[in-house]
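Heads up: the structure comes next, in structure tokens.
The values are calculated or read from the model by the stated rules, or taken from the named source; none is laboratory data. These numbers come from a predicted model, not from an experiment. Neighbour counts are summed over all protein chains in view; Cβ atoms, including those assigned to glycine, are modelled from backbone coordinates with ideal geometry.
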Amino acid sequence: MPQPLPLPALHASHAGTWLRDANGNTRGVSKGEAIMAAADTPLLMLNAPLVASRLGYPDLSGLDLLELFAFIHPARFVVPTPKGIAHALALEEPRSDDEIPALLQLAAGALLDTCEREDWAERDGAWSSLQSLARMRWPWAQICSPHIRRPEVAEKWLFAKLPEWDEAPERPQPGQITLSEDAIEAQLEHLTGNSAERRDGQRMYAREVGKIFAPRAQRSLPHLLLAQAGTGIGKTLGYLAPASLWASAAQGTVWVSTFTKNLQRQLRSESRRGWPEQRADGTQPVVVRKGRENYLCLLNLEDALQGGFAGRAAILAQLVARWAGYSRDGDLIGGDLPGWLGTLFARRGIAALTDQRGECVYAGCPHYRKCFIERSARASAQADLVIANHALVMINAARGRDHAQRPTRIIFDEGHHVFDAADSTFAAELSGQEAIELRRWIIGPERTARGRRRGLAARLADVASYDEAGGKAVEDAIRAAQALPSDGWLQRLNDGEPYGPMETLFAAVRAATYARDESGGQEGGYGIETEAAGLDGNFVQLAGQAQAALAAIRHPLVTLGGRLEAVVENAPDWLDAQGRARLEGARHSLGWRVDLLGAWEALLDRLGGPADPEFVDWLAVERSEAREFDVAIHRRWLDPMKPFARTVLEPAHGVMLTSATLRDGEEWEAAIARSGAPHIDIQPHLASAASPFDYANQAEVLIVTDIKRGDIPALAGAYARLIEAAGGGVLGLFTAIRRMRAVHGRIADRLARGGLPLYAQHVDPIDTGTLVDIFRDDPRATLLGTDALRDGVDVPGDSLRCVVMEQVPWPRPTILHRARRAANGGSAYDDRLIRAKLAQAFGRLIRSKDDRGHFVVLSSAFPSRLLGAFPPGTPVTRLTLDEALQRVGNSVCQTPAPQNDRQPDPHQTE
């Protein structure tokens, strides 16, 4: 048993605050006393931002145990709760809040003991990293120093020890084969295991999926399958069986696209049944691909480590560097970097270490051969299975780059989200924030900056001096970019003093939006919008001037792209391989910015003209909590599946959209329309496998009719009483953040006093993925959230026993929704959307054959036409809150006591 670290420890929850001194005496203290103690001397605590939130003192700091864990065990998962820390370190779980400070002292001692063990797996690099952290005055540095010995041989710098990726020949075209049903069933048996229960629904589903791998009969007409797979069918292994069979036989690549990171993690785990971790030649048969903004940029990290970050952000950079040396794939968002690490230091610190600004110099980067992004891209080109997300698949197809990477056999899991993903991917948006980013890329930042955040003149100085036409193009682009918004643009708009044609246009957008606003202040300080129709002549004139300004930027950039190509083709003697690579990267960056400018020009060209029935345009002032942060002109396709069909479906050979909530009840019409099939004149194949769960006995829908809409005290009281009746294990879903925060603020302390922890999105300083991990880990916890939790929560077992929706999820009456509603059947369109949301929310409740629970909707007038959202046979009862409480309470009494270590059956989840 490790010795406790003899330092004072603090724990704060909604139930109270406890302080333990260095001598082992624990007592309850007031919030004020706790704050004073923390200001007096560094205190041990767990998740300092959360403790600060509980105490109402945002400047609280101390010795955060999570930071120490991230340093000693980089790339290792731990639930950031006292229970999670105890389990990770093989310590006894605390039985009550007042025992937690003692656990913190013991856990700190255990972690420091790890540093002295010979079998410490993450020793490499620790000593060097600790020296840097000591210079930054990391609170843990002096405490760790006696426990980490200096290595006999100097440790390598991170950038020297990361492995390099190798180029590989392009994979040949896959073979044209047809999978037999017998072979598919045999492969399914292999993946599920011979002892697994035979499920006819899963076998039928797998056979249907096999049809999308048949040779295509006609160009631009892929095999298209829409497959409804009820929860519990085992659809993951159902489609991995034919996918793995085809990939092996045809030597081709299958792309499986998801919407949530949770499903990506599940897929990565399930894929191990069909493929090894590595092939004999060391390559990976299964690769996870995400957008560039998800991965650590090594050049940004180097900038941060060499002074680009200061204060707490510099400490974060050191901990991320420790992680990078042990990470499987460099994925910062949803990978093996603990999701809670960024929230300990502020999320923007993590974002600054990714390539969000599109500033990548590609082969011109000194770390290019070690780049996590490039390694992932090259590995996917040789992989049998690529696990990606909807947006990445669509962007790859839309840009038409890297033809070898264009997916031709695609399975869209969580297929009900494909429409929304296409809606975002094929949208156009001209905003002040986007425009100012373009200005900074061309001109450079207006304040001194390190690293690559420089303008075109600095990045291409050698080309400008060598090629006169190229140099003139750079000068012309910089001169024209002065028309774009600059720092302080929002304040100038507010003061009525815009500068330049773009700021003047945004001022007109802002004025028109406020002038036409009819919300009467009912939007609660959030964004407002107005349709881009009926604009006066002055507005149209300003749009024309802005369009001309954008064209003046685009033309020299096009010229510059041509000059860079000429320099590369006729390389001068001074242009070495690294310089050539840098110019190739510059050409790529130029290309997509030229496309962006063209899209903005087209958007402005339409303002004041006749309406295009294929698009919806509107003006918006983006706000958060009544604070303006952007002004924008938006364009969306009325039906985004039209560009999806042209760019994704037509080049493909076989595509499947699958989900547990793909169709509307028993009707396929809407699912077909939202698949893109009508736009390429193809009739998709349809398949449906019903859930094996006994919903009549496993679940019950309770519609509570005596909670008045808009009555926050009554709503909060209902939530508190339902959570108490269920004994926790409640997922609370809200349609508005404001109401969720109001309810949370009213009930958190009350529940905590009863030993029922409460967590909430947009309230607790914890990322959503970690909140779900905490909820899954504690059967007495409750989690409140919004749309992200309606789809992204997979919690089989006792930790989720009740889902409560605050009201019917009516569509928000936006301009875009109004246009689509009018084009798709009016109120019937609304009903389809609501039923889909209800079905997705209900799907969180029953995730395994042993699950039981209630789905509660607090709605005084729940329309009967929406009941088709629930699985056939599910009991639905309209009743009062008191009656609902009795049913929920009785169910808890009849359910066996929650088992913390219960594991879900992987074959029984989606």
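Can you tell me which residue within the range 207-251, out of those that are in contact with a strand residue (DSSP E or B) (Cβ under 6 Å, 6 or more places away or on another chain) and in a strand (DSSP E or B), is nearest to Leu267 (Cα to Cα)? Checked the range 207-251; the qualifying residue nearest to Leu267 (Cα to Cα) is Ala229. Of the strands (runs of 3 or more DSSP E) contained entirely in the range 596-678, those carrying at least 1 residues that are among the aromatic types (Phe, Trp, Tyr) fall at 615-624, 627-637. Scanning the range 121-164 for residues that are closer than 20 Å to Ala110 by Cβ and of a type in the set (Asp, Glu) gives a single hit, Glu122.
For the range 35-68, the tally of residues that are within 34 Å of the chain's Cα centre (by Cα) and β-branched (Val, Ile, Thr) stands at 1.
Total residues in the range 312-325 satisfying the condition of being more than 12 Å from Ala70 (Cα to Cα), out of contact with any Gly (no Cβ under 7 Å at 6 or more places or on another chain) and touching a residue at least 60 places away in the same chain (Cβ under 8 Å): the figure is 1.
Among the residues of the range 654-662, is any surrounded by 22 or more Cβ atoms within 10 Å (Cβ to Cβ), modelled with pLDDT under 95, in contact with a Leu (Cβ under 8 Å, 6 or more places away or on another chain) and outside the structural domain of Glu518 (by TED's automatic domain parsing)? Yes, that holds for at least one residue. Remark: pairs (first residue in the range 172-194, under 19 Å from Ala214 (Cβ atoms) and in contact (Cβ under 8 Å) with a residue 60 or more places away in the chain; second residue basic (Lys, Arg) and assigned to a helix (DSSP H, G or I); Cβ separation under 7 Å; 6+ apart in sequence or on different chains) = Ile184/Arg207. Take Ala720 and decide whether it is in a helix (DSSP H, G or I), hydrophobic (A, V, I, L, M, F, W, C) and either in the same structural domain as Glu99 (by TED's automatic domain parsing) or touching an Asp or Glu at 6+ places or on another chain (Cβ under 9 Å) (or both). No, not satisfied.
Residues of the range 105-119 that are surrounded by fewer than 16 Cβ atoms within 10 Å (Cβ to Cβ) and either under 32 Å from the mean Cα position of the chain (by Cα) or in a loop (DSSP other than H, G, I, E, B) (or both): Arg117, Glu118, Asp119. When residues of the range 585-610 are filtered for being among the charged types (D, E, K, R) and closer than 22 Å to Arg440 by Cβ, how many remain? Residues flagged as among the charged types (D, E, K, R) and closer than 22 Å to Arg440 by Cβ within the range 585-610 amount to 4. Taken over the range 35-44, the criterion of being crowded, with 22+ Cβ neighbours inside 10 Å and either touching a His at 6+ places or on another chain (Cβ under 7 Å) or assigned to a loop (DSSP other than H, G, I, E, B) (or both) is satisfied by Leu43 alone.
Only one residue in Trp323, Trp340 is more than 30 Å from Gln382 (Cα to Cα) and crowded, with 23+ Cβ neighbours inside 10 Å. Which one? On inspection, the qualifying residue turns out to be Trp340. Report whether or not Gly84 is touching a residue at least 24 places away in the same chain (Cβ under 8 Å), touching a helix residue (DSSP H, G or I) at 6+ places or on another chain (Cβ under 9 Å) and farther than 25 Å from Ala141 by Cα. Against the criterion (touching a residue at least 24 places away in the same chain (Cβ under 8 Å), touching a helix residue (DSSP H, G or I) at 6+ places or on another chain (Cβ under 9 Å) and farther than 25 Å from Ala141 by Cα), Gly84 does not qualify. The single condition among (1) of a type in the set (A, V, I, L, M, F, W, C); (2) surrounded by 15 or more Cβ atoms within 10 Å (Cβ to Cβ); (3) at pLDDT below 95 that Ala160 does not satisfy is (2). The residues of the range 82-104 that are buried (at least 23 other Cβ atoms within 10 Å of the Cβ) and within 27 Å of the chain's Cα centre (by Cα), listed by number, are Pro82, Ile85. Considering the conditions (1) closer than 26 Å to Thr705 by Cβ; (2) in contact (Cβ under 8 Å) with a residue 12 or more places away in the chain, Arg812 is excluded by exactly one of them, (2). Restricting attention to the range 270-309, and to residues there that are within 17 Å of Pro163 (Cβ to Cβ) and of a type in the set (S, T, N, Q), which single residue is surrounded by the fewest Cβ atoms within 10 Å (Cβ to Cβ)? Per the criteria, the residue is Gln278.
Select, from Gly24, Gly16, Gly32, Gly28, the only residue that is under 38 Å from the mean Cα position of the chain (by Cα), surrounded by fewer than 20 Cβ atoms within 10 Å (Cβ to Cβ) and touching a residue at least 40 places away in the same chain (Cβ under 8 Å). Walk me through how you get there before you give the answer.
On the way: Gly24 fails: under 38 Å from the mean Cα position of the chain (by Cα); Gly32 fails: touching a residue at least 40 places away in the same chain (Cβ under 8 Å); Gly28 fails: under 38 Å from the mean Cα position of the chain (by Cα).
Testing whether each residue is under 38 Å from the mean Cα position of the chain (by Cα), surrounded by fewer than 20 Cβ atoms within 10 Å (Cβ to Cβ) and touching a residue at least 40 places away in the same chain (Cβ under 8 Å) leaves just Gly16.
Counting just the residues of the range 179-206 that are in a loop (DSSP other than H, G, I, E, B) and either touching a Lys or Arg at 6+ places or on another chain (Cβ under 8 Å) or at pLDDT 95 or above (or both), which one comes out surrounded by the fewest Cβ atoms within 10 Å (Cβ to Cβ)? Checked the range 179-206; the qualifying residue surrounded by the fewest Cβ atoms within 10 Å (Cβ to Cβ) is Ser180. For beta carbons closer than 6 Å, sequence separation of 6+ or different chains, a first residue in the range 269-293 that is among the hydroxyl-bearing types (Ser, Thr, Tyr) and a second that is part of a loop (DSSP other than H, G, I, E, B), there are no qualifying pairs.
You will find that of Gly769, Gly785, the residue that is under 15 Å from Gly732 (Cβ atoms) and touching a residue at least 40 places away in the same chain (Cβ under 8 Å) is Gly785 and no other.
The conditions of being assigned to a loop (DSSP other than H, G, I, E, B), modelled with pLDDT of 90 or more and surrounded by fewer than 19 Cβ atoms within 10 Å (Cβ to Cβ) are met by Arg328.
Kindly indicate whether Pro74 is in a loop (DSSP other than H, G, I, E, B) and within 29 Å of Gly754 (Cα to Cα). Walk me through how you get there before you give the answer.
Values: in a loop (DSSP other than H, G, I, E, B): yes; within 29 Å of Gly754 (Cα to Cα): no.
No; evaluated as a whole, the condition is false for this residue.
Quick grid of which residues meet (1) surrounded by 23 or more Cβ atoms within 10 Å (Cβ to Cβ); (2) in contact (Cβ under 8 Å) with a residue 40 or more places away in the chain:
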position: Gly745; (1), (2): no, no
position: Arg750; (1), (2): no, no
position: Leu756; (1), (2): yes, no
position: Leu800; (1), (2): yes, yes
